[in-house]
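Trainee: After the structure tokens below, expect a handful of questions from me.
The values are calculated or read from the model by the stated rules, or taken from the named source; none is laboratory data. Bear in mind that the values here come from a model prediction, so they are computed numbers and not experimental data. Note that each Cβ is placed from the backbone with ideal geometry, even for glycine, and that neighbours are counted across all protein chains shown. The protein model used for the area step is the full one, side chains on, heavy atoms only, and it has no ligands, DNA or RNA in it. Shrake-Rupley method; radii C 1.70, N 1.55, O 1.52, S 1.80 Å.
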Amino acid sequence: MSHLVEADLILHNGQIWCGLEEGNRQALAIWQGKVLAAGTDDEILGLKGAGTRLVDLEGRFACPGLNDNHLHLISTGLVMNWVDVTPEAAPTLDALLASVAKRAAATPRGGWVRARGYDQVKLDTGRHPTRAELDRAAPDHPVVVTRACGHVSIANSKALELAGVTESTAVPDGGVIGVSEGRLNGFLAENAQNLVASCIPAPTVDELVDAIERGGKHLLSYGITSCMEAALGHVAGYVEMQAYQQAKLSDRLPVRVWLTLLGDPDSSIVEDCWRAGYVTGAGDDRLRVGAVKIFLDGSAGGRTAWMTKPYKDEPENFGVQMLPTQQLEAAIRSYHDRGYRLACHAIGDAAVDQLITAYEKALAANPDPDRRHRVEHCGFIGADHNARMKAAGICPSPQLAFIHDFGDSYIAVLGPERGLPSYPAGTWQRSGFVLSTGSDSPVCSPNPFPNLHAMITRETWKGTVMDASERLSREQALQAYTEGGAYLEKAERTKGRLVPGQWADVAVFDADLLQAPADVILSGTRCVMTLLGGKVVHDAR
């Protein structure tokens, strides 16, 4: 090998999976942040110079840094400071209420107490908490407890009072206010959550930068080096763009971020971004403007995803349609015509159909065969949806962590016939789509191991098999988590594989993700080292 270039860093004595086509190599040479060469130890150690740093992987498995195709980084960082009421932390209603009471006791009287992560299907009671129960846990504090999906919250009396919500409050379009026996029960779904959320003091720019840094470091600890920020503006509006720019300039942006701008008609930041030149593609490989996001429906487990058939045991409930078709199509056409990519939220088959139709119309009027508009989540699809997406170059963007976390909920609310084949990764793979995956954190944990486990086994946390024909091979699952995520950002030429010229973003694990038993991947694996642009940014060896 030529000695014209000496590597800055060499990883050697490893099982380095460089990509689906490239397979495994023993060693990797890195120069100026990018991959210089991959090969045997002997070949790559020939690129060592006086200043080369050597890292012995001790036979460990490494692969390209993972790319989470859809998460909320600011929210992930913020929620890390909230009360954790995930099923692991609070398996029973009493445990949930005790956690809220403990935080209230440590919070000045009148201060907000926020909790996130419960799933009523997994609670011992099998139902949502109520306003009265939260009142007993924290009578002197406004409390909001948000379901894992983020589409449903329960508020106590203090929170409802501060928000001015009463039994006579008009239900906002695309929202649900829960009432039991003529009295508010604290349940708020979809747009109705804004009634209370708008009263909670918004985080400052400094708090947003802290959240970006905290959330980003958390991702690096899992081997995740790239992610999508799935709705910039959702928490604090346009100031979130300022926070990201400040985080980057002050070296407090730990991961590569692809920004998706909130484009919902009543809370859009797109016009502000457009005027400032933040269009699709603006930025660099660390922070880039990606797409515009509009919400078309809610979540399946919360019975608010918009379906063509009603929910089980609720013949009147088809979920929530967020926007009239004409308004949606006009917004998508406007964004499309200005060169933006779209990455809109659609889970139920009615919402997916509304979105595909809007994309088809925009692309027919103003063709761009490689725009790669995305259907975020795309959980429940109609008979002709895959063929139509394929024909129009539309990409499904699923989060297979949902199968692990919520698969049993889908069966509970829709029945097995509709629930089991949700998020059909195997079908998409066989149909020639480029697969990717993510967590929608903080909806699910960004922990990649349940996600990988669900892709290869189709098993939920309970062990229910969600249609075995939708399983992926180990290599397909890993490709989805790396190269597939890059493709959905149109970044497959710069990252996602460990090949010469691509970014040296690397994750090292203590188990071989291609060989280890599935249960070891689920609960016996950890990321021991992460590199971003050739620099070690997480080291737990």
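Trainee: Filter segment 244-263 down to residues that are buried (at least 20 other Cβ atoms within 10 Å of the Cβ) and of a type in the set (Ser, Thr, Tyr) and give me whichever is farthest from residue 212 (Cα to Cα). Spell out the reasoning first.
Mentor: Going through segment 244-263, the residues buried (at least 20 other Cβ atoms within 10 Å of the Cβ) turn out to be 244, 247, 253-263.
Okay, now just the ones that are also of a type in the set (Ser, Thr, Tyr), so 244, 260.
Numbers: 244: 8, 260: 15 Å.
By that ranking, first place goes to 260.
Trainee: Which ranges mark the strands (runs of 3 or more DSSP E) fully within segment 143-188 that have 3 or more residues being buried (at least 20 other Cβ atoms within 10 Å of the Cβ) and in contact with a Phe, Trp or Tyr (Cβ under 9 Å, 6 or more places away or on another chain)?
Mentor: Working: elements: 143-147, 152-155, 175-180.
In segment 143-188, the matching strands (runs of 3 or more DSSP E) lie at 143-147, 152-155.
Trainee: Can you say whether residue 363 is farther than 22 Å from residue 471 by Cα, in contact (Cβ under 8 Å) with a residue 24 or more places away in the chain, of a type in the set (A, V, I, L, M) and surrounded by fewer than 24 Cβ atoms within 10 Å (Cβ to Cβ), as far as the supplied structure shows? Quick ask: steps written out before the conclusion?
Mentor: On the way: farther than 22 Å from residue 471 by Cα: yes; in contact (Cβ under 8 Å) with a residue 24 or more places away in the chain: yes; of a type in the set (A, V, I, L, M): yes; surrounded by fewer than 24 Cβ atoms within 10 Å (Cβ to Cβ): yes.
When the stated conditions are applied, residue 363 passes them.
Trainee: Would you kindly identify the helices (runs of 4 or more DSSP H) lying entirely within segment 1-119 that contain at least 1 residues that are open to solvent by 30 Å² or more (accessible area, probe 1.4 Å) and among the basic types (Lys, Arg)? Even if it seems obvious, please write down each step before you answer.
Mentor: On the way: elements: 41-45, 73-79, 93-105.
Because the criterion is at least 1 residues that are open to solvent by 30 Å² or more (accessible area, probe 1.4 Å) and among the basic types (Lys, Arg), the helices (runs of 4 or more DSSP H) in segment 1-119 that meet it are 93-105.
Trainee: Another question, if that's okay. Please work out which residue is farthest from residue 227 (Cα to Cα), limiting yourself to segment 273-311 and to residues that are in a loop (DSSP other than H, G, I, E, B) and of a type in the set (Lys, Arg).
Mentor: Let us first name the residues in segment 273-311 that are in a loop (DSSP other than H, G, I, E, B), namely 276-282, 284-286, 294, 296-310.
Retained after the next criterion (residues that are of a type in the set (Lys, Arg)): 286, 303, 309.
Numbers: 286: 10, 303: 28, 309: 34 Å.
Taking the candidates together, the pick is 309.
Here is a yes/no grid of residues against (1) modelled with pLDDT of 95 or more; (2) within 28 Å of residue 323 (Cβ to Cβ):
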residue	(1), (2)
230	yes, yes
246	yes, no
252	yes, no
259	yes, yes
304	no, yes
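Trainee: Taking segment 477-491 on its own, how many of its residues are open to solvent by less than 10 Å² (accessible area, probe 1.4 Å) and either touching a Phe, Trp or Tyr at 6+ places or on another chain (Cβ under 7 Å) or among the acidic types (Asp, Glu) (or both)?
Mentor: So in segment 477-491, the residues open to solvent by less than 10 Å² (accessible area, probe 1.4 Å) come out as 477-478, 480-482, 484-486, 488.
Still in the list and also either touching a Phe, Trp or Tyr at 6+ places or on another chain (Cβ under 7 Å) or among the acidic types (Asp, Glu) (or both): 478.
Residues that pass the stated criteria total 1.
Trainee: While we're looking at this one, here's another question. In segment 231-272, how many residues are free of Cβ contacts under 8 Å to residues at least 12 places away in the same chain and part of a helix (DSSP H, G or I)? Spell out how you get there, then give the answer.
Mentor: First, pick out the residues of segment 231-272 that are free of Cβ contacts under 8 Å to residues at least 12 places away in the same chain: 249, 251, 266, 271.
Filter once more, keeping what is part of a helix (DSSP H, G or I): 249, 271.
Count: 2.
Trainee: Could I ask something else about it? Which of the residues spanning segment 189-211 are assigned to a helix (DSSP H, G or I) and either over 22 Å from residue 345 (Cα atoms) or free of Cβ contacts under 8 Å to residues at least 12 places away in the same chain (or both)?
Mentor: Of all residues in segment 189-211, those assigned to a helix (DSSP H, G or I) come to 193-197, 205-211.
Hits for segment 189-211 are 196, 205, 206, 207, 208, 209, 210, 211.
Trainee: On to the next question. So, in segment 255-276, of the ones that are of a type outside the set (A, V, I, L, M) and under 17 Å from the mean Cα position of the chain (by Cα), which residue ends up farthest from residue 537 (Cα to Cα)? Give the steps one after another, and end with the answer.
Mentor: Quick first cut of segment 255-276, residues of a type outside the set (A, V, I, L, M) only: 256, 258, 260, 263-268, 271-275.
Those left that are additionally under 17 Å from the mean Cα position of the chain (by Cα): 256, 258, 260.
Details: 256: 13, 258: 19, 260: 25 Å.
Checking each candidate, the answer is 260.
Trainee: Take the residues in segment 417-452 that are touching a Pro at 6+ places or on another chain (Cβ under 7 Å) and not in a loop (DSSP other than H, G, I, E, B), then tell me which one is farthest from residue 72 (Cα to Cα). Don't jump to the end; show me each part of the working.
Mentor: Going residue by residue through segment 417-452, those that are touching a Pro at 6+ places or on another chain (Cβ under 7 Å) are 423, 425, 428, 433, 437, 439.
Retained after the next criterion (residues that are not in a loop (DSSP other than H, G, I, E, B)): 425, 428.
Details: 425: 22, 428: 25 Å.
Here the residue is 428.
Trainee: Is at least one residue of segment 454-465 farther than 30 Å from residue 388 by Cβ, surrounded by fewer than 21 Cβ atoms within 10 Å (Cβ to Cβ) and either among the aromatic types (Phe, Trp, Tyr) or in contact with a Ser or Thr (Cβ under 6 Å, 6 or more places away or on another chain) (or both)?
Mentor: Yes, the conditions are met somewhere in segment 454-465.
Trainee: Out of curiosity, is residue 132 over 26 Å from residue 203 (Cβ atoms), part of a helix (DSSP H, G or I), over 26 Å from the mean Cα position of the chain (by Cα) and not acidic (Asp, Glu)? So that I can check it myself, show each step before the final result.
Mentor: Numbers: over 26 Å from residue 203 (Cβ atoms): yes; part of a helix (DSSP H, G or I): yes; over 26 Å from the mean Cα position of the chain (by Cα): yes; not acidic (Asp, Glu): yes.
So residue 132 passes the test.
Trainee: Restrict the check to segment 394-405 and report whether at least one residue is farther than 25 Å from residue 491 by Cα and either surrounded by fewer than 24 Cβ atoms within 10 Å (Cβ to Cβ) or of a type in the set (A, V, I, L, M) (or both).
Mentor: yes
Trainee: Give me the pairs: first residue in segment 123-147 and among the β-branched types (Val, Ile, Thr), second residue part of a strand (DSSP E or B) and open to solvent by 20 Å² or more (accessible area, probe 1.4 Å), beta-carbon distance under 7 Å, and six or more apart or on different chains, which are they?
Mentor: 130/185; 144/114; 146/116
Trainee: Taking segment 335-356 as the search range and keeping residues that are surrounded by fewer than 15 Cβ atoms within 10 Å (Cβ to Cβ) and not basic (Lys, Arg), which one is nearest to residue 435 (Cα to Cα)? Before you say what the answer is, go through the steps one by one.
Mentor: First pass over segment 335-356, keeping only residues surrounded by fewer than 15 Cβ atoms within 10 Å (Cβ to Cβ): 337-339.
Subset that is not basic (Lys, Arg): 337, 339.
Details: 337: 27, 339: 24 Å.
Among them, the one singled out is 339.
Trainee: Here's something else I'd like to know. Checking residue 528 against (1) outside any helix (DSSP H, G or I); (2) open to solvent by less than 10 Å² (accessible area, probe 1.4 Å); (3) touching a Pro at 6+ places or on another chain (Cβ under 9 Å), which test does it fail?
Mentor: In the conditions (1) outside any helix (DSSP H, G or I); (2) open to solvent by less than 10 Å² (accessible area, probe 1.4 Å); (3) touching a Pro at 6+ places or on another chain (Cβ under 9 Å), residue 528 misses (3) alone.
Trainee: Pull up segment 453-508, narrow it to residues that are among the polar types (S, T, N, Q) and in a loop (DSSP other than H, G, I, E, B), then point me to the one that is farthest from residue 24 (Cα to Cα).
Mentor: Our first condition is that a residue be among the polar types (S, T, N, Q); within segment 453-508, this holds for 457, 460, 464, 469, 473, 476, 479, 482, 494, 502.
Now restrict to residues that are in a loop (DSSP other than H, G, I, E, B): 460, 464, 473, 494, 502.
Values: 460: 30, 464: 33, 473: 16, 494: 20, 502: 17 Å.
Per the criteria, the residue is 464.
Trainee: Another question about this same structure. May I ask you to list the residues in segment 223-243 that are surrounded by 24 or more Cβ atoms within 10 Å (Cβ to Cβ) and over 14 Å from the mean Cα position of the chain (by Cα)? Walk me through it before giving the result.
Mentor: In the first step, residues of segment 223-243 are kept if they are surrounded by 24 or more Cβ atoms within 10 Å (Cβ to Cβ); the result is 223-233, 240, 243.
Correct list: 223, 233, 240, 243.
Trainee: Pull out all pairs, ordered by first then second residue, where Cβ-Cβ is under 6 Å, the residues are six or more apart or on different chains, the first lies in segment 310-321 and is under 21 Å from residue 296 (Cα atoms), and the second is of a type in the set (S, T, N, Q) and surrounded by fewer than 19 Cβ atoms within 10 Å (Cβ to Cβ).
Mentor: 310/317; 311/317
Trainee: A further question follows. For segment 380-416, which residues satisfy the criterion of being in a helix (DSSP H, G or I) and in contact (Cβ under 8 Å) with a residue 60 or more places away in the chain?
Mentor: Quick first cut of segment 380-416, residues in a helix (DSSP H, G or I) only: 385-392, 401-414, 416.
Answer for segment 380-416, where residues must be in a helix (DSSP H, G or I) and in contact (Cβ under 8 Å) with a residue 60 or more places away in the chain: 403, 405, 406, 408, 409, 410, 412, 413, 414.
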